[in-house]
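Chemist: One structure, as structure tokens, below. Some questions next.
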Amino acid sequence: MTVRVRFAPSPTGSLHIGSVRTTLYNYLFARQSKGTLILRIEDTDQERFVPEALDSIYDGLGWVGITWDEGPREGGPHGPYVQSERLSLYQERARALVSQGDAYPCFCSKERLASVRTQQQTRGEVTRYDRNCRTIEPARAAARAASEPHVIRLKVPEDGTIALDDLVYGHVEWPLRAIEDQVLLKSDGFPTYQLAVVVDDHRMRISHVFRGEDWLPSTPKHLLVYRAFGWEAPPHAHLPNVLGPDGKKLSKRHGATRVEEFRAQGYLPEALLNYLALIGWSPGTEEEVFDVARMIELWRIEQVHKAGGKWDRERLDHFNGLHIRALGPDALFERLAAFAPAHWDRALLRRTVPLVQERLRTLAEFPDLVSFLFDDAGVKPAAAQLVPKKREAAETVEALAQAAVVTRFADWSAAALEGGLRGAADELGWKAGDLFMALRLAVTGKTVTPPIIDSILLLGRERALARIERAQEALQEGPPSIR
RNA sequence: GGGGCCAUCGUCCAGCGGCUAGGACGCCGCCCUUUCAAGGCGGUAACGCGGGUUCGAUUCCCGCUGGCCCUACCA
């Protein structure tokens with residue numbers, strides 16, 4: 001069988017991280033099956049439509065590296081791939097259902113619907129459309145439909161059950177009496193999701209439906225539509241949701257949920273996908289760090305489990321760190337460059353890569369870590385900080401002077417600098433660590449930095465010396481209390 | 001209210017009748033070490049409850065409890 005799967009976002013906002021996970025699973029399945037992946041835009045709600053959303057979908061998926069074969073901008077044999085451009089198709093199918101007696105026009109106003117609902121509520125009854133228009137005689141209904149505003153509703157059987165054998169959840173059954181006469185075509189001529197998804201999945205020859213778990217409760221409606229059309233429903237797999245830390249569906253109030261945000265916060269797309277794939281799926285072994293190619297090999301729908309998984313930022317950070325460390329130096333440099341101020345010297349920046357690679361969890365942490373190399377004015381250590389515990393300011397001035405001598409005359413290599421500095425510490429009767437820390441403060445202005453010897457090497461002899469000198473001056477001018 | 005789904009460390013997963021219940025994140029130690037990381041080693045911590053079935057249940061069945069989703073002319 002030829003695999004054809006789709007992901008079908010509605011353009012109501014920017015691309016959500018949960019949609020990325022759903023899309024990823026569709027993508028992995030399509031690629032490992034040598035099948036086709038389709039993007040379809042479900043813009044049947046004109047009120048919630050956001051014009052920029054399509055760009056967000058393309059940008060976001062493009063960034064993570066998911067590619068597809070048929071879609072609004074790619075075209076394909078089953079287009080158009082935007083539902084608002086397929087209106088006449090849905091209308092025609094809805095009319096067919098009416099004429100074969102499986103659907104009917106409904107003329108109830110929204111006001112009536114609302115009052116029926118509140119009445120049912122106050123009586124403690126199930127709130128459901130009362131099927132008021134279902135009994136209008138077909139000829140009469142057709143006549144009214146010609147002039148009156150109306151919707152088309154599915155004629156749901158009074159009882160019986162309908163079932164799905166879900167690829168993830170197994171056998172699920174619903175009593176038909178719990179399902180209302182669903183609207184298929186709205187009064188503005190647009191289809192509802194329930195109609196459009198079935199018509200399109202069928203017309204586009206979709207072989208498997210993989211979608212979020214939250215669709216499971218409305219699946220019986222779709223099954224009923226398939227049945228009414230006499231079409232066979234493709235296999236379905238519902239995917240467990242990505243939850244917020246509080247266990248509810250992940251949403252903006254949990255923090256970042258938009259792909260763009262993760263990009264801006266310095267996450268690597270490969271890390272994001274790796275982490276995301278593991279919410280709801282495991283290869284069954286202890287392997288858990290993968291690139292996309294490896295996931296395409298390993299992923300199996302049978303290994304997707306049922307329970308929703310909570311979002312865990314710490315764990316994402318961990319995976320991001322792993323993927324940062326897995327990058328080659330040039331690749332990391334390119335990613336880092338995007339996070340550095342434009343005026344920072346690129347050649348110097350390139351040389352910082354080995355110093356930061358194992359210290360970063362996100363790319364966004366990079367500028368802070370190396371800013372001392374690019375910004376002379378920003379380095380101003382406080383006098384009090386420069387003096388190690390149990391040392392005096394005067395001693396520290398002397399120690400820095402010795403460090404300056406080494407810095408001026410040593411061969412310009414890590415080995416020579418380190419040897420010289422350790423020798424100087426010995427002569428001074430200082431612990432090497434104390435001298436390194438004083439020097440670190442003097443040269444970088446910070447207590448947490450990349451290794452200080454390498455940092456000095458990158459800074460250059462003259463700049464380093466200037467900073468040591470400045471630190472000495474600061475100490476000599478320091479407040480009396482620390483002299 | 002109705003329908004559906006789910007249930008192993010704090011979190012993400014493994015387990016698919018017999019295991020000292022495993023890995024990862026986090027956390028805590030130790031090692032390494034010029035700070036911070038990274039890395040290595042070790043530790044902490046879980047089968048929601050009650051009934052069955054079975055020689056034997058984390059695993060199968062039922063109930064309970066809890067959580068979540070849907071219940072729109074939204075998707």
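Chemist: Could you check region A:327-344 and list, in sequence order, the residues that are touching a residue at least 12 places away in the same chain (Cβ under 8 Å) and among the small types (Gly, Ala, Ser)?
Modeler: Those that are touching a residue at least 12 places away in the same chain (Cβ under 8 Å) and among the small types (Gly, Ala, Ser): A:337, A:338, A:340.
Chemist: Of the residues A:20, A:3, A:82, only one is crowded, with 22+ Cβ neighbours inside 10 Å and modelled with pLDDT of 95 or more; which?
Modeler: Numbers: A:3 fails: crowded, with 22+ Cβ neighbours inside 10 Å; A:82 fails: crowded, with 22+ Cβ neighbours inside 10 Å.
Exactly one residue qualifies, and that residue is A:20.
Chemist: Test each condition in (1) more than 10 Å from RNA strand B (Cβ to nearest atom); (2) without any contact (Cβ under 8 Å) to a residue 12 or more places away in the chain for residue A:87 and report the one that comes out false.
Modeler: (2)
Chemist: Ok, one more. Looking only at region A:194-221, count how many residues are within 12 Å of RNA strand B (Cβ to nearest atom), touching a helix residue (DSSP H, G or I) at 6+ places or on another chain (Cβ under 8 Å) and over 20 Å from residue A:175 (Cβ atoms).
Modeler: 6
Chemist: Quick check: is even one residue across region A:224-237 under 15 Å from the mean Cα position of the chain (by Cα) and in contact (Cβ under 8 Å) with a residue 60 or more places away in the chain?
Modeler: The initial filter retains those residues of region A:224-237 that are under 15 Å from the mean Cα position of the chain (by Cα), namely none.
The answer is no, given that none of the residues of region A:224-237 is under 15 Å from the mean Cα position of the chain (by Cα) and in contact (Cβ under 8 Å) with a residue 60 or more places away in the chain.
Chemist: Kindly indicate the residue of region A:473-483 that is surrounded by fewer than 18 Cβ atoms within 10 Å (Cβ to Cβ) and part of a helix (DSSP H, G or I) and also modelled with the lowest pLDDT among those meeting that condition.
Modeler: Filtering region A:473-483 for residues surrounded by fewer than 18 Cβ atoms within 10 Å (Cβ to Cβ) gives A:473, A:476-477, A:479-483.
Cutting the leftovers down to part of a helix (DSSP H, G or I) gives us A:473, A:476-477, A:480-482.
Details: A:473: 92, A:476: 84, A:477: 75, A:480: 49, A:481: 48, A:482: 44.
Within region A:473-483, the match that is modelled with the lowest pLDDT is A:482.
Chemist: Follow-up question, since we're still on this one. Taking the options A:311, A:299, A:281, name whichever one is more than 9 Å from RNA strand B (Cβ to nearest atom) and among the aromatic types (Phe, Trp, Tyr).
Modeler: A:299
Listed here are the residues, each with its yes/no results for (1) within 22 Å of residue A:260 (Cβ to Cβ); (2) modelled with pLDDT under 95; (3) more than 24 Å from the chain's Cα centre (by Cα); (4) β-branched (Val, Ile, Thr).
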position: A:46; (1), (2), (3), (4): no, yes, yes, no
position: A:52; (1), (2), (3), (4): yes, yes, no, no
position: A:56; (1), (2), (3), (4): yes, no, no, no
position: A:60; (1), (2), (3), (4): yes, no, no, no
position: A:63; (1), (2), (3), (4): yes, no, no, no
position: A:67; (1), (2), (3), (4): yes, no, no, yes
position: A:73; (1), (2), (3), (4): yes, no, no, no
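Chemist: Out of everything in region A:325-353 that is within 16 Å of residue A:368 (Cα to Cα), of a type in the set (A, V, I, L, M) and not in a helix (DSSP H, G or I), what residue ends up being nearest to the chain's Cα centre (by Cα)?
Modeler: The extreme case among them is A:338.
Chemist: Return a yes/no flag: does region A:148-158 have any residue that is touching a strand residue (DSSP E or B) at 6+ places or on another chain (Cβ under 9 Å), farther than 22 Å from residue A:90 by Cβ, in the same structural domain as residue A:102 (by TED's automatic domain parsing) and at pLDDT below 95.
Modeler: no
Chemist: Looking only at helices (runs of 4 or more DSSP H) that fall completely inside region A:372-472, which ones have 2 or more residues that are of a type in the set (A, V, I, L, M, F, W, C), over 44 Å from the mean Cα position of the chain (by Cα) and away from RNA strand B (no atom under 14 Å from the Cβ)?
Modeler: It comes to A:383-386, A:393-409.
The values are calculated or read from the model by the stated rules, or taken from the named source; none is laboratory data. The model shown is predicted, which means the values in this text are computed figures rather than measured ones. In this analysis, Cβ positions are derived from the backbone assuming ideal geometry, glycine residues included, and neighbour counts consider all displayed protein chains.
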